[in-house]
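Comments concern the structure below.
Bear in mind these aren't lab numbers, they're just calculated from the coordinates by the rules spelled out. Source: prediction; values computed, not measured. Positions of Cβ are backbone-derived with ideal geometry, glycine not excepted, and every protein chain shown enters the neighbour counts.
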Amino acid sequence: MKNNVTVSEWESMFEAIGLSDVSMHQWHEVFEKRHPQGHHGFLDWLGVPESEIERIRIASRERDW
């Protein structure tokens with residue numbers, strides 16, 4: 001069993017429960033607002049490169065998707 005879920009696997013699960021791209025972006029916004037360090041840690045756990053983590057977090061704060 002592998003330790004991590006990939007970004008595409010995570011997105012696939014979101015899509016399977018009916019989340020749209022807009023809903024996924026809103027999820028990031030809420031995660032960043034309520035738990036900024038947890039958001040960072042989660043993205044790191046997914047294996048997202050640090051430069052992409054920063055881009056996602058900034059976009060989440062600015063609603064700049």
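Highest GNM mean-square fluctuation among Val48, Val22, Val30, for the chain modelled with Cα contacts below 10 Å: Val22.
Using a 10 angstrom cutoff on alpha carbons, build the Gaussian network for the chain and name the most mobile of Gly47, Gly18, Gly38. It is Gly18.
Report the one residue of Pro49, Gln26, Gln37 whose Cα lies farthest in the direction of the positive end of the charge dipole of the chain (charges on C-beta: Lys and Arg +1, Asp and Glu -1; origin at the Cα centre). Of Pro49, Gln26, Gln37, it is Gln37. If R0 equals 22 Å, the separation of the Cβ atoms of Arg61 and Ser20 corresponds to a calculated FRET efficiency of about 0.60. Annotation for the chain: trypsin sites (Lys or Arg not before Pro) lying in DSSP loop with at most 13 further Cβ atoms inside 10 Å of their Cβ are Lys2, Arg63.
Remark: relative contact order (the chain) = 37 percent; criterion is Cα-Cα distance under 8 angstrom and separation of 6 or more residues.
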